[in-house]
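What follows is one structure encoded as structure tokens, with my remarks underneath.
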Amino acid sequence: MQSVVERKYILVALGSNYHQSAHIRWASQRLSCLLSDAKLSRILWTQDIHGTGIYYANRLMAGYTSLTADELQQQLKAIETESRRTKECVTIDLDLMQYGDQRYHLNDWPRPYIKNLLSDI
């Protein structure tokens, strides 16, 4: 059962290294069902941060939700599972970056692609 909370601003980072464009679009559509006033950044291609040469498609999505942070995290993980994500084949990675005033994944905020995509939102 969903808890009733005030609408919170949220920011989600999306990433994919397998059929990247298709998975980013699919996840964006799934997330749009959870958010109101959703805004999408463009898709930005980056090399894997571990230097493997694999390219990721990245996007940010912002909006508002009445879900609690825990409920939203559960929904994000359910979408990842639905995409059949594995450690090697990241069909979709959904990271809750911000919920209200609370920031998560603090090591990701300084990454150039995050800073670049924030300007779109």
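The values are calculated or read from the model by the stated rules, or taken from the named source; none is laboratory data. What you see is a predicted model; the values in this text were computed from it and never measured. Positions of Cβ are backbone-derived with ideal geometry, glycine not excepted, and every protein chain shown enters the neighbour counts. Each accessible area value is taken on the protein alone, full model and side chains, heavy atoms only, with ligands, DNA and RNA left out. Shrake-Rupley method; radii C 1.70, N 1.55, O 1.52, S 1.80 Å.
General remarks:
- Given a 1.4 Å probe and the protein chains as shown, Tyr113 ends up with an accessible area of around 50 Å².
- At 0.692 mPa s and 37 °C, Stokes diffusion of region 1-50 via Kirkwood alpha-carbon radius, µm² per second: 252
- For region 1-89, the per residue solvent-accessible surface stands at 60 Å², with DNA, RNA and ligands left out and a 1.4 Å probe.
- Listed residues Trp45, Trp109, Trp26 arranged by accessible area, highest first, probe 1.4 Å: Trp45, Trp26, Trp109
- Under 22 Å, Cα to Cα: Lys pairs in the chain, sequence gap 8 or more or different chains: 6
- Spacing of the modelled spin labels on Gln29 and Glu6, each 7 Å from Cα toward Cβ, amounts to 3.5 nm.
- Given +1 at the Cβ of Lys and Arg, -1 at the Cβ of Asp and Glu and no other charges, the dipole of region 29-98 around its Cα centre is 220 debye to the nearest 20.
- Residues of region 22-54 with amide N under 13 Å of a point placed 7 Å along Cα→Cβ from Ile121: 28, 31-32, 35-43
- Heavy-atom accessible surface of the chain: percent carbon and sulfur, 1.4 Å: 49
- Surface listing: His23, His50, His105 arranged by accessible area from highest to lowest gives His50, His105, His23, probe 1.4 Å.
- Over the C-alpha trace of region 1-119, radius of gyration and Dmax come out as 13.8, 44 angstrom.
- Estimated inter-spin distance, Asp70 and Ser36, nm [label 7 Å along Cα→Cβ]: 2.4
- Sites matching GluC sites (Glu not before Pro) across region 65-121 that sit in DSSP coil, with at most 11 neighbouring C-beta atoms within 10 Å: Glu88
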